[in-house]
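Here is the structure we will look at.
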Amino acid sequence: MSYALAEVLEATERLWPAAGASSWDVTGLVCGHPDDVVSRVTLAVDVVGDTVDEALDADSDLLIAHHPLLLRGVTSLAGDTVKGALVTRLVRGGCALVSAHTNADVVTEGTSGVLATLLGLEDVRPLEPDVSGRHGIGRIGRLAEPTTLGALAGALAHVLPATAGGVRAAGPYETPVAEVALCAGAGDSLLEHPAVLAADVYITSDLRHHPASDARERAALGTGPVLLDTSHWASEWLWLEAAAASLRRELPDLDVRVSDLRTDPWDFVVTQ
């Protein structure tokens, strides 16, 4: 059975309300018409050549991506530009594009919520809750059993899909950890959040040298957490299966597929 794209958009709005998106974010329909017919959907983290090819090769009518293709303004979608080439291929292939970004981060089964569940955290709550207190950016919770930073890093690496960069840790291997703060994707803006500072460990992605160095010094003084830094793509890819399951519940006759292509930008590392 097929659905009008408008019906799929209504379902995505129920699952990931646009009102939950951050003020700087861009979500929703990027290309395609609400009257288009949709029978097959591909879910991916990134809109790149490989995921566009995958969606088109699978005869998908809709690609739902976590990361917005047009987050930053462009003045042209000409077919010989990076973003224009992707949009052109999607339009020519009859595949619409929708993005569900921070509006999909904040819901209970959002990117951080899924990661918290897979790590077995208890008493989980958002780092930055909305007025309801149930939704929000990031998560904080407690491990069922205290462990060490090194053991938690190993457990995290087991949960995440493999990437060249793996999991990086800032802090002694044997550091005891029980209270865990996390933010799937880039979360360095929360490094000085009170709940993060009160945690034993903070898990996030894309940590830069100076913020991580400052955080390391705070940890040494006992005024902040040790750190685990993951691949941005890997930490958010975990959400796709939960998103697919939610969409199938909303639209039972829709064929929903999850891309397992690695779109982490790094291919390999070289060590001495």
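The values are calculated or read from the model by the stated rules, or taken from the named source; none is laboratory data. Just so we're clear, the structure is a prediction, and the values are computed from it rather than from any experiment. With ideal geometry, Cβ positions are generated from the backbone for all residues, glycine too; neighbour counts draw on all protein chains shown.
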Cβ contacts < 8 Å: first residue more than 14 Å from ILE140 (Cα to Cα), restricted to region 182-193; second residue among the acidic types (Asp, Glu), any location; separation 6+ or different chain. Result?
GLY185/ASP105; GLY185/ASP206; GLY185/GLU236; ALA186/ASP206; ASP188/ASP206
From the options ARG249, ARG257, residue that is surrounded by fewer than 16 Cβ atoms within 10 Å (Cβ to Cβ) and within 23 Å of GLU109 (Cα to Cα)
ARG249
Restricting to region 81-130, and then to whatever is over 20 Å from THR27 (Cα atoms) and of a type in the set (Ser, Thr, Tyr), can you tell me which residue is nearest to the chain's Cα centre (by Cα)?
THR117
Residues of region 123-141 being under 18 Å from THR204 (Cβ atoms) and either not assigned by TED's automatic domain parsing to the domain that holds GLY185 or not aliphatic (A, V, I, L, M) (or both), which ones?
ARG125, PRO126, GLU128, PRO129, GLY136, GLY138, ARG139, GLY141
Set LEU207, LEU221: member being buried (at least 17 other Cβ atoms within 10 Å of the Cβ) and in the same structural domain as PRO146 (by TED's automatic domain parsing)
LEU207
Would you point out the residue of region 243-261, among those that are assigned to a loop (DSSP other than H, G, I, E, B) and either free of Cβ contacts under 8 Å to residues at least 40 places away in the same chain or of a type outside the set (A, V, I, L, M) (or both), that is nearest to ASP57 (Cα to Cα)?
SER259
Consider LEU182 against the criteria (1) out of contact with any Asp or Glu (no Cβ under 9 Å at 6 or more places or on another chain); (2) farther than 30 Å from VAL98 by Cα; (3) crowded, with 21+ Cβ neighbours inside 10 Å: it satisfies all of them except one. Which criterion is unmet?
(2)
Please go through region 210-242 and pick out each residue that is under 15 Å from ALA100 (Cα atoms) and in a helix (DSSP H, G or I).
TRP233, GLU236, TRP237, TRP239, LEU240, GLU241, ALA242
Within the group GLY79, GLY32, which residue is surrounded by 17 or more Cβ atoms within 10 Å (Cβ to Cβ) and out of contact with any Gly (no Cβ under 7 Å at 6 or more places or on another chain)?
GLY32
Within region 141-170, which residues are charged (D, E, K, R) and surrounded by 16 or more Cβ atoms within 10 Å (Cβ to Cβ)?
ARG142
Pick from region 115-131 the residues that are farther than 20 Å from HIS101 by Cα and of a type outside the set (A, V, I, L, M, F, W, C): which of them is surrounded by the most Cβ atoms within 10 Å (Cβ to Cβ)?
GLY120
